[in-house]
Each structure stands twice: as structure tokens, then as C-alpha cells.
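Chemist: Here you go, one structure.
The values are calculated or read from the model by the stated rules, or taken from the named source; none is laboratory data. Owing to the predicted nature of the structure, the values given are computational and were not obtained by experimental measurement. Please note: Cβ atoms are built from the backbone with ideal geometry, for glycine as well, and neighbour counts cover all protein chains shown.
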């Protein structure tokens, strides 16, 4: 074990000496982000053993994430629509923006704690973290590129050739190497250091005031059936009463072809929710106050409306007083994780 | 021939692990003698060999069509003997593409010698390998047989044209592994009483016919929903069609 550690360290050191990493913001080799699993989280789906984090593979994934050559016009990177300061969501954009200024149909979700997700996207189409990037890369209104072309571009770059060979020991760069390297970065995006997390783990700096604690109790009572566990999502698909019908976007039904899934979308996490406006799959709400108002009195009935939003007295939604809304907002603010949104190791390298 | 394989890195790692720890090799256990079995997939339209782009064909229902693309997966091959015992080929994933002549032939290695009386295989890819993550060889997503927006392989892809189709295009992308629209089908084409004799000194060949017409049983191209772009009822209908006799053993070479 010691010897293995030494070899990894030596390899990392050799990499630095070889000068392929000109930037000074690379931290110690042992600190690959996301390599430690938070104790207040459930067991991950994409386990550490699936694609064991290493410094070089992580850095390769990081470079790929911010490389616009993954798009057809060499202008749009993953990082273009997934900005670190917005928990890797797209701040102030209702729907995704792709090549040639084209608009997508859905709000770019926050990329955080992906290691714990069984399915991805608002409709749960991709079921493996390694296959997730294929959709934005090939989508005509996002990056509009082919996997073959991406591999051609990467193989034409001697720096990539060298770095991939160092990690995978064979050339040319193939789709498996590319997807697994990118997955190293995606899997590293762990947000688990909000003030709430410190509170949950009874760590220093984990104090919540009375308003925040009232908000936490309200979340447990009125929200946790969907926004479950410390990941704040049960990963289910639900119709939360946005529309009467879902002709523009059938949600989960797009994947399953089942009428019962019409209008059902993935329950998003509440983590970093203060940073990820606008809200809902189509980005229709600009503020969290609007979101709470929706649940209080804006829920629209339809055949697949989630039963939890149908009260026994026939009223729809979740009744929330003004006081409760302000308590909830206070608690939601404790879920902001600045260690995550300001971690230099996750940022684009500055040339 | 495209075949699935473990990444060379892991194989190398496994080999070095074996090399370093392999001092206690046990020579006393009997080694099974093995041979190989060749498979040829000949794509047909009825009784004629399929010709991409140039061939003009007619379905049983009378619709006219041409074929521009015809690809499918054959996987999880199992060979059975008369006594019911079987050889299951590990990691057997083959992508047959009409446009790639080399993919029409493949060789199954390490088959224990014996007389085989039957074969079973999956048309498509098993559910486990649909969700496996990034794979290589036949299962490499750059073969364009993987849906990017929805995890899962396209088990069979037929594209072409037809004057009877409302859009003039034919698109049959068949896949899906989740209930109730699971399109994974396993078939056991008959050897018609023949036996495949695998020996160390000769390699027999099973020559299959795959008849494109069988995709369209009970179907009119003018019908809404005759095309299939995703997992769902349309894909299942085509899968039911192609599992009902599209693959037949035309002949067996003893070689």
C-alpha cells in the first residue's frame, strides 16, 4: 500500500517535472476533489472503485470539461453552460445555449454530487455517468459534434496524446478513455461543505440560527418526501403541477414512452439552490419566492399530477404561510457551499 | 469484425498480476481441448442477397423500399450439445453492419471440442451491458449504435426509403431494455437436424441468413407509428417481428 502510494506520488511528480501542467493552481497530489465521500451522504452509485480517482486522470477530465473543441464550432465547452459559481448550472439562462446561438428546451441543471445519481437530466435518459456527456456533445442545439470528430481533434493534439497515454498507457485516444477521463471530473463535483453539512455532521462552523432551524423542520415536514436525504432529492420523477398538458416537453415520458410519465421531471436537489436561478425544467421562475408561491397556490391539475400535491380537502399544492416561506428561504441559504463554488481545483485553468 | 474486449490496460494489469503471482501454476488439472467455430451472417431480402442503396424490394404487404443502412448486434452466444450441456462464449458482442463486409464473418474462439446441435443468441445487447458505461470494440458508442439522449444500444438499425412512407424515409432504430418496452430478444435458429463438429484441426462454419423482410410482418409503411426512433411500442413490434424467424441457418460447413 505504501509502495503504491509512493508510485502514485512519483508518477505525479514526474508529470509536474515534465512540465505538461504550466499552471500553479495544482494542489497536492493526494487531494483529488471528491475522492472522499461525505459521511452524511448515502452510498454512491458511481463508486470510487468504478473509476478510481487519480490526480492525472482528474486533471485530464478537468481540461476536457473546459475545452470548447468538444463542440462542432470549437466555441462551446461543457463549462460554457455549467459555471462553477452557479454550482455548475447556467446562471440567468432559462434554457441551454449552444452552437450558433441556438437555444435548447431545458434549463441546464447544476452539476453536483453526480456520483450519487442513478439517472441524469430532467428526464433521466442517461443512466451512467460515463455516457452522460454524449447527449450535450451530440445534441444539435448544444455542442452539435460527433464522438468521432472529438476523438479526431484530441488525437491531433500532441499534449492530449501525451496526457492520455500517461493515464491509460495506450494510444490512440479512444472513446472509452475520453469518456472515463471526463467522468473523473464529473464525479469529483461533490458539494458537501455547506453550513448545513457542517451542522449535519456536527462539525465546527455548523451553527444554524432559530429561523434556519424552523426552516429545516419545515423542509422535513413539507418538502422531504421528494427532496430527500442530505442530497435533497429522492431522484424520482414527478409532475409538480406546472402545466395542464405537456405537449412541448413530455419529460420522463420522452424516455419511457409511458402515458403515466407525461409531465414528470426529475426532482432537483436543493443544494446551492440560491445560486442556480432560474428554476424548474424550463427555467420559468426567476426567484425562489416564485417557486414557493407556485407550491403554495400555483399548482395546476393534470392527470399525472403528483399525489403529494393533492390534498384530501381537494386543495392543490402545499400550503405555506408568509412566515413559513421566509423560514424556508433562510434554511435554503444554509445549503450554499462556497468551498465547492470557489474550489480552484474545479475551475478552468487560466492560461 | 468488431468484437468487444476489455481495455488493454486492464488485460495488461491482469497479466502482470498473474505473472507476478503465478508461481503456483497447477498443471495437474486437465485442460479442455478447444477449437473454433466460424459464423457468417448473410443479409437477405427474401431469397436475394441484400444490396444497399441499389436494391428495390417489396414487402409481403406490397410496400416498396430500398435499404441504405442495416446494422444489428448479435451477443451472448451459447452453443448446446444433444445432452443439454452448453458452451457460453464469454464477452460475446458482435456488430454486423451490411456496409462492412468484414463484420459479416466472425470466429468464436476457445470452443470445447464436441458435437453441437444448437445455438442461442441475443439480437441486441443485454440489459447489464446497456448501462455498463464506456465500452470498447463492438460496444464502443462511436459505432453510432448508442442513443446519446437515452442510455441504451440500438439493437438493430434499418434505414432506407419507401414511396409509401409519408416522409419517404424509413427509420427503424430498435432498442430498449426497460419494461414494458423491453426489446431484447433471444433466438435459437434450428440446425435442421445437422451437427456442428468442433475439432482441434478444423473449424466448422454456420452460415446464417438474416432476412430484412421479416422486420415488416403485418406492417404498412403508410401507418403512423411504423417508424421507430426510440424505445417503445413501435420498437417492440419490430423486435417481435425479427425474433420470429429473421435468422435462419442456411447451411453448415464441416470444413
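Chemist: Sort out for me the helices (runs of 4 or more DSSP H) sitting completely within region A:209-317 that have 1 or more residues that are more than 14 Å from chain B (Cβ to nearest Cβ) and more than 30 Å from residue B:180 (Cβ to Cβ).
Modeler: The qualifying helices (runs of 4 or more DSSP H) are A:210-222, A:288-293.
Chemist: Return the residues of region B:217-237 that are crowded, with 22+ Cβ neighbours inside 10 Å and away from every other protein chain (no Cβ under 14 Å); say none if nothing qualifies.
Modeler: B:221
Chemist: From the residues in region A:147-173 that are within 25 Å of the chain's Cα centre (by Cα) and either under 30 Å from residue A:236 (Cα atoms) or without any contact (Cβ under 8 Å) to a residue 40 or more places away in the chain (or both), which one is farthest from the other protein chains (Cβ to nearest Cβ)?
Modeler: The extreme case among them is A:151.
Chemist: Which fully enclosed helices (runs of 4 or more DSSP H) of region A:112-188 have 2 or more residues being at pLDDT 95 or above and within 26 Å of residue A:342 (Cβ to Cβ)?
Modeler: It comes to A:175-188.
Chemist: Any idea which residue in region B:114-139 is surrounded by the fewest Cβ atoms within 10 Å (Cβ to Cβ), counting only those that are free of Cβ contacts under 8 Å to residues at least 12 places away in the same chain and more than 26 Å from residue B:244 (Cα to Cα)?
Modeler: Filtering first and then ranking leaves B:132.
Yes/no per residue for (1) in contact (Cβ under 8 Å) with a residue 40 or more places away in the chain; (2) surrounded by 19 or more Cβ atoms within 10 Å (Cβ to Cβ):
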residue	(1), (2)
A:279	yes, yes
A:290	no, no
A:299	yes, yes
A:309	yes, yes
A:316	yes, no
A:328	yes, yes
A:334	yes, yes
A:337	yes, yes
A:341	yes, yes
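Chemist: I want to confirm something. Restricting to region A:129-138 and keeping residues that are facing chain B (nearest Cβ under 7 Å) and in contact (Cβ under 8 Å) with a residue 12 or more places away in the chain, which single residue is farthest from residue A:47 (Cα to Cα)?
Modeler: A:135
Chemist: Looking at region B:201-250, which of its residues are part of a helix (DSSP H, G or I) and free of Cβ contacts under 8 Å to residues at least 12 places away in the same chain?
Modeler: B:234
Chemist: Quick one: residue A:108 ticks every box in (1) part of a loop (DSSP other than H, G, I, E, B); (2) touching a residue at least 60 places away in the same chain (Cβ under 8 Å) except a single one, so which number is it?
Modeler: Failing condition for residue A:108: (2).
Chemist: Only one residue in B:21, B:66, B:32, B:54 is over 20 Å from the mean Cα position of the chain (by Cα), modelled with pLDDT under 95 and either assigned to a loop (DSSP other than H, G, I, E, B) or under 23 Å from residue B:239 (Cα atoms) (or both). Which one?
Modeler: B:32
Chemist: From (1) more than 7 Å from every other protein chain (Cβ to nearest Cβ); (2) closer than 17 Å to residue B:91 by Cβ, pick out the condition that doesn't hold for residue B:163.
Modeler: Every condition holds for residue B:163 apart from (2).
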